Structure formats: C-alpha cells, structure tokens
Amino acid sequence: MPLFVFLVLVGLPLAEIALFVETGRVIGAWPVVGLVALSALAGIWLMRLQGPATLRRAQAAMQRGEPPVAEMLDGTLLFVAALLMATPGFLTSALGVLLLVAPLRRLAARFAARRFAQRAHLHVHAAHMRPGPGGPIIEAEDWEVDPAPDAEPGNDPASRRLPPGRNDD
C-alpha cells in the first residue's frame, strides 16, 4: 500500500508533466491548455448532471424497498470520473473517461465492492434498548465527577469513576 500511495502522489504528477511536455511539443502549448480546460469543464458538467440523476435512482430503489447499493456505487464512480476529468492532466482525464463507459464502471464497482468486503470489519455492541413510540429508546446513566487532587494519600483514581452513592469499600 505505501508503494501505491507513493506512485499516486509522486508518479502520477510526474507522468502528467511528461505527457504535457510531449503533447505540447507535438501540437503546441495552447492546444494543450485548451484540451485540459475542455476536460475540466466536461468533468464539472458531468458532476452537475449525474449527481441529481443518481440521487433520483437511489430514491426510486428505496421506494421499491431495495437497498440502493448499486445506484450508490454507480453514482460514486461517476463522481470519481468527474473529479478525474476536472483534475488537470491527460492521464487522469483518460481514467475519468474510461469510468464513463458503463461496462468498465460496473467492473470497477465489482472490484471496489470485493475489496471493501475483504477489508470491512463489523463490530456489534449490545446496548440496553427497548422499543419506543418514535424508535428505539436507549437507557443510560451519567454522572459528574469532581476531580480530586492526585496528591492526597489513599486517593484511588479508579474510585473517582464510580457514580455518586456507590462505594465498593
């Protein structure tokens, strides 16, 4: 993982700069600037267009009683594609355009879902809950503790965490 992070943070910008220089040598500097600006505008337009559409698809899935997992993954990848296109660079824009192709986006979504499932850890903690009129009711207690000076002899720090009126002596 550290090698991947290094390659993304250092290698990608270096590759983008090299590609800018070579492309500028072939077609000129101003056409390169124009292509980068056009790609950024297309990415911004895509973000504005796909955001509400993905939200509508997710809401429709929820109304059908289905979890909107596919719609959310699709929307997330479309957002990533738009961000990649809005980022100055030919490689990032090319990756963004590839994510616009639906079969490639579904392949990336399956890969991401598998990776997430492999790394996910689920921790369930039981709590004292009971049903209530507006949802579950969680019962708990709290108390304030007056900090006692640590310099006093016989002052046990653990006893300061007990609620008032409770002594284990």
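The values are calculated or read from the model by the stated rules, or taken from the named source; none is laboratory data. As the structure is a computational prediction, the values presented were derived from the model and not from experiment. Virtual Cβ from ideal backbone geometry, glycine too; neighbours counted across all protein chains shown. When the accessible area is computed, the model is the full protein with side chains, heavy atoms only, and any ligands, DNA or RNA have been set aside. Shrake-Rupley method; radii C 1.70, N 1.55, O 1.52, S 1.80 Å.
Centre-to-centre, using Cα atoms only, segment 1-58 and segment 87-117 are separated by 13 Å.
In this rough spin-label picture, where each label sits 7 Å from Cα along the Cβ direction, the Val21-Arg57 distance is 4.1 nm. Solvent-accessible area per residue in segment 10-102 equals 61 Å², computed with a 1.4 angstrom probe and all protein chains kept.
Given R0 = 25 Å, the distance between the Cβ atoms of Trp45 and Met72 translates into a calculated FRET efficiency of 0.70. Accessible surface for Thr54 stands near 10 Å², nearest 10, in the context of the full protein assembly shown (1.4 Å probe). Of all the accessible heavy-atom surface of segment 1-128, with the other protein chains kept in place and a 1.4 Å probe, what percent is carbon and sulfur? Answer for segment 1-128 is 75 percent, counting heavy atoms of protein chains only. Applying 1/(1 + (r/R0)^6) with r as the Cβ-Cβ distance of Ala29 and Val80 and R0 = 45 angstrom yields a FRET efficiency of 0.95. Taking only the Cα atoms of segment 35-114, the radius of gyration and Dmax are 13.3, 44 Å.
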